[in-house]
Ligand code: GLN
């Protein structure tokens, strides 16, 4: 096929295209983010983008069991969880422009067609859909942010029907960019076959063959393996896949994902990438990164924290929370062990047994009624037994319900999300949410400022009066009940000035009881843990010390009793 004639303004940004082959779940997002880190460590300006081959406009309408966490950016886009990896690895804020889906691409093309923008033309996958994909890749680097390099991760696996337009688009775009302006990296699997006692290169050969049939010749191969590949195997892969033998890299399993950039650097990928892209940069600096990895790998103490969640079988649903605990743990030189508890279990089991050995409780965000009573019971136990508690979004709403019911005497207080006719709607729909018919992208999304009261845990953690944090919710503390709740002893320690919304609550008469309406987990970085996760883990570690526990409770811990 002859390349399409285009009259786009030349981009000075170099592109790295990353595809995956053989099977899914090889960790393409982590591998891409690690490559981003290699470039960032050299002082280059780097951004990243994910192309998702599904027809949903964004993952906001998908069930976490299907898709895992929905990552929210500052500008309020609901995006793929890989954007979380990108932010954590390259320490750059992502935005709406950094994630495109097939749904969005088609939406744009069809809207243009209806407007008459293609008047006379038959609108087709090639060139119109592929053209729009290229536009999206260029859009990342437009405006005030001229990046040196943009990494583009193509979702899915080579050979999927859905991924085809994306592979074709990166092929066309690569031709436009020309040599030394882009590279193609393919991530594959080199499995070890037990019966043959050998690693097998055939799946990789086939995957690359499939790419080459579409016209994409990878420059680098990253081979996921469970053992180092010897020279001969690499030479064989290089020969069959038409890649230089120094450009076949093995990517073994690592203890912590944050080790991967260091490993790839050691193998020489950073230097080779620079050569291929014709870029010059300073020597890489991994000092801080190395220090964090060392702390993660060699903790000096352990703390166990319970998570009462709803999607606990699919850990990807809580990806950013898990990573935030890794960052906070590293800060304290501690390993944070997470005890995952299906919230419904609190409804039939004993909280003390379920949370045995746990010195803290986190209740994360969520939607829907299932498990809500269990979450409320878990919080009651943590409150009454002075166990450090951290609530996030629905976790904060559950804490307010628990307090209203058990401390303020509002029997059956609830959120109107679950009990629309409750006598005590302590959590209610945000006013602007009333009457909304559309589900997609209509929550209160993205960054909003929050003012913190002095002399509070939140203020101590952030060390400032004003913060901004990211949101994704429709419900909120009902201000009609605020006075009653505060009279009962609940402190609203953080508020959004724009709408007088409660953003943070605390209980002063407790070692560490804090809950937030926003999602702090979205802003934690390995080298800069989120202040609330940092202090929550700190409080749990403190609680670990028997004397601190005795001091806090004044007695041996007992199961919660009816109040
Ligand atoms: N379901 C609640 C709301 O919409 C909480 C949302 C969340 O936890 N992200 O307000």
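Rule-based calculations on the coordinates, nothing more; no lab input. It should be emphasised that the depicted structure is a prediction, and the values quoted were computed from it without experimental measurement. Note: ideal-geometry Cβ built from the backbone for every residue, glycine included; neighbour counts use all protein chains shown.
Taking the square roots of five times each eigenvalue of the Cα gyration tensor of the stretch 95-137, the equivalent ellipsoid has semi-axes of 19, 11, 8 Å, listed largest first. Taking other Cβ atoms within 10 Å as a rough exposure proxy, 335, 45 sort from fewest to most as 45, 335. Start at zero, step by 10 Å, and the Cα-Cα distances of the stretch 461-522 spread as 19, 54, 26, 0 percent across the bins. The equivalent ellipsoid of the stretch 179-320 has semi-axes of 31, 22, 16 Å, largest first, where each one is the square root of 5 times an eigenvalue of the Cα gyration tensor. Just so you know, the Cα atoms of the stretch 25-164 work out to an Rg and Dmax of 15.6, 49 Å. Using the Kirkwood radius over C-alpha pairs as Rh, can you work out the diffusion coefficient of the stretch 186-247 via Stokes-Einstein at 20 °C, viscosity 1.002 mPa s, in µm² per second? Answer, rounded: 182 µm²/s.
Extents of the stretch 347-473, largest first, come to 42, 40, 27 Å (Cα atoms, principal axes, whole angstrom). Here the extension length gained between residue 313 and residue 205 equals 35.4 nm, from 0.36 nm per residue of separation less the Cα-Cα distance. Computed over the stretch 143-210, the range of Cα coordinates on each principal axis works out to 56, 25, 21 Å, biggest value leading.
Above 21 Å, the calculated P(r) of the stretch 75-158 contains 38 percent of its Cα-Cα pairs.
What translational diffusion coefficient, to the nearest whole µm²/s, does the stretch 421-527 have by Stokes-Einstein, given a Kirkwood radius computed over alpha-carbon pairs, a temperature of 10 °C and 1.306 mPa s viscosity? Here the translational diffusion coefficient equals 106 µm²/s. Stokes-Einstein diffusion for the stretch 6-75 at 4 °C, viscosity 1.567 mPa s, with a Kirkwood radius from C-alpha pairs, works out to 86 µm²/s.
Taking Cα atoms only, the orientation of helix 164-177 departs from the longest principal axis of the chain by about 60 degrees. With respect to the chain, whose longest principal axis is taken over its alpha-carbon atoms, helix 319-332 is tilted by about 70°. Take 194-206, 96-108, 112-124, 245-257 and order them by the average number of nearby Cβ atoms within 10 Å per residue, most first; the result is 96-108, 245-257, 194-206, 112-124. Of all beta bridges that DSSP places with both ends in the chain, some 35 percent have antiparallel geometry. Sequence-distant contacts, meaning Cα pairs under 8 Å at least 6 residues apart, place the relative contact order of the chain at 14 percent. Computed extension length for residue 527-residue 61: 164.6 nm, one decimal, from 0.36 nm per residue of separation with the Cα-Cα distance subtracted. The angle between the Cα long axis of helix 28-40 and the longest principal axis of the Cα atoms of the chain comes to about 80 degrees, rounded to the nearest 10. Based on the reciprocal of the average 1/r between different C-alpha atoms, the Kirkwood radius for the stretch 332-407 equals 12.6 Å.
Using the Cβ-Cβ distance between residue 196 and residue 254 with R0 set to 25 Å, the FRET efficiency from 1/(1 + (r/R0)^6) comes to roughly 0.45.
Taking the inverse of the mean reciprocal distance over all distinct Cα pairs, the Kirkwood hydrodynamic radius of the stretch 378-453 comes to 14.4 Å.
Orientation-averaged projection of the chain equals 28.4 nm² [convex hull of Cα atoms, one quarter of hull surface area].
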